[in-house]
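Note sheet for the following structure.
The values are calculated or read from the model by the stated rules, or taken from the named source; none is laboratory data. Quick caveat: nothing in here was measured; it's all calculated off a predicted structure. Backbone-built Cβ (ideal geometry, glycine too); neighbour counts: all protein chains shown. Each accessible area value is taken on the protein alone, full model and side chains, heavy atoms only, with ligands, DNA and RNA left out. Shrake-Rupley method; radii C 1.70, N 1.55, O 1.52, S 1.80 Å.
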Amino acid sequence: MSPRQIAVLIFPDFQLLDAAGPLSAFEIAGRHSPGAYEISVVAAESGLVRSSCGAAMHAHPLPDAAPDTLVVAGGDGTRPAILEPALLDWTRRTARGARRTASVCSGAYILAAAGLLDGRRATTHWSRTIDFQRRFPKVRLEPDRIFVRDDPVWTSAGITAGIDLSLALVADDLGEAIARATAQQLVVPRRRPGGQSQFSALVEMGGQSGRFGALSHWIRENLTEPLSVEQLAGQAGMSPRNFARAFAREVGMTPAKAVEHLRVEAAREQVEAGEPVDRVAMRVGFGEAERMRRAFVRAFGQPPQALRRAARAGSP
């Protein structure tokens, strides 16, 4: 069988790891399955393409023939890239001919601008959530996912999530054993638990503009309170209806989900430090251990006890 052609699209000011992560994953998978992949880096202008950190990659010109898989990098350069009609047209045509199309981080902007995500589920970097939703309302954004598969289009969250995405693509091509061996060689988890846990940073900052920063601080100081929408709205000096809408718009999630994020983050620190689970559940406002366990599974993909064991395993 001929090698699967993997083309990674870059552009000026791309994020280096968005490209290097998938390139390394496919390269190492190819060592475990010789001849499986033929990898190339492509750009609208061939030659050295400067990344946002200053390091450059050598790129081939955009090919006429579609590869098996197109992977679009992200980075600050996506802002001017989505204004390039020729690049969007090439991406659109190539995606039609490719078996799969994928993006890393804000590379989703290029796919969305090309119309490839309309009506599809997708994700991107947590910090771009609100802007992305505003620009591309036809996309069914799932902001707290590491990656989303909506065949034949795959999208991933921020930067290192491109490795998670690539491992999933490798498993789809070559099977779980090769994907697991590739992850071991990269010294990364084959499947990262949970979603973009760093998405909680947007909650802690009080949204994109920081409008609810003081409220976020108050929530963290009062986790044992009921923290209903009505209570939060009163603290913010707003009506419940206006508050719920404004908060979701600023933070990218409902007030209830944000409260759960802050409780889970507070609980995780205490659980990993060895505090009894029942006591932690009461201390952070979950009330009972089972309710906290369900929240941990939603956030991290595993219960509190598993995170405690992992923390202990990583201790001296």
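The table below lists the values:
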quantity	calculated
Counted residues, the stretch 244-290 - those being closer than 23 Å to R312 by Cβ, of a type outside the set (A, V, I, L, M, F, W, C) and open to solvent by less than 20 Å² (accessible area, probe 1.4 Å)	1
Candidates G30, G47, filtered to the one that is at pLDDT 95 or above and more than 22 Å from S156 (Cβ to Cβ)	G47
Whichever residue in the stretch 140-156 is β-branched (V, I, T) and outside any loop (DSSP other than H, G, I, E, B) and, among such residues, is farthest from A86 (Cα to Cα)	V148
Some residue of the stretch 178-192 being modelled with pLDDT under 80 and crowded, with 17+ Cβ neighbours inside 10 Å	yes
Some residue of the stretch 130-148 being of a type in the set (F, W, Y), surrounded by fewer than 23 Cβ atoms within 10 Å (Cβ to Cβ) and closer than 23 Å to M253 by Cβ	yes
Subset tally (residues that are open to solvent by 50 Å² or more (accessible area, probe 1.4 Å) and part of a helix (DSSP H, G or I)) for the stretch 209-228	5
Number of the exception - A233 against (1) more than 18 Å from A306 (Cα to Cα); (2) open to solvent by 40 Å² or more (accessible area, probe 1.4 Å); (3) not in a loop (DSSP other than H, G, I, E, B)	(2)
Qualifying residue in the stretch 25-44 (condition: under 25 Å from L141 (Cβ atoms), among the hydroxyl-bearing types (S, T, Y) and out of contact with any strand residue (DSSP E or B) (no Cβ under 9 Å at 6 or more places or on another chain))	no
Criterion violated by S2 - all others in (1) modelled with pLDDT of 95 or more; (2) out of contact with any Leu (no Cβ under 8 Å at 6 or more places or on another chain); (3) outside any strand (DSSP E or B) satisfied	(1)
Matching entry among P255, P303 (being within 28 Å of F212 (Cβ to Cβ) and either of a type in the set (S, T, Y) or in contact with a helix residue (DSSP H, G or I) (Cβ under 9 Å, 6 or more places away or on another chain) (or both))	P255
Failed item in (1) in contact (Cβ under 8 Å) with a residue 60 or more places away in the chain; (2) outside any helix (DSSP H, G or I), with E275 passing the rest	(1)
Yes/no for E265 being assigned to a helix (DSSP H, G or I), under 28 Å from the mean Cα position of the chain (by Cα), closer than 20 Å to S228 by Cα and not aromatic (F, W, Y)	yes
Selection within the stretch 34-58 - under 22 Å from S106 (Cβ atoms), open to solvent by 40 Å² or more (accessible area, probe 1.4 Å) and hydroxyl-bearing (S, T, Y)	S52
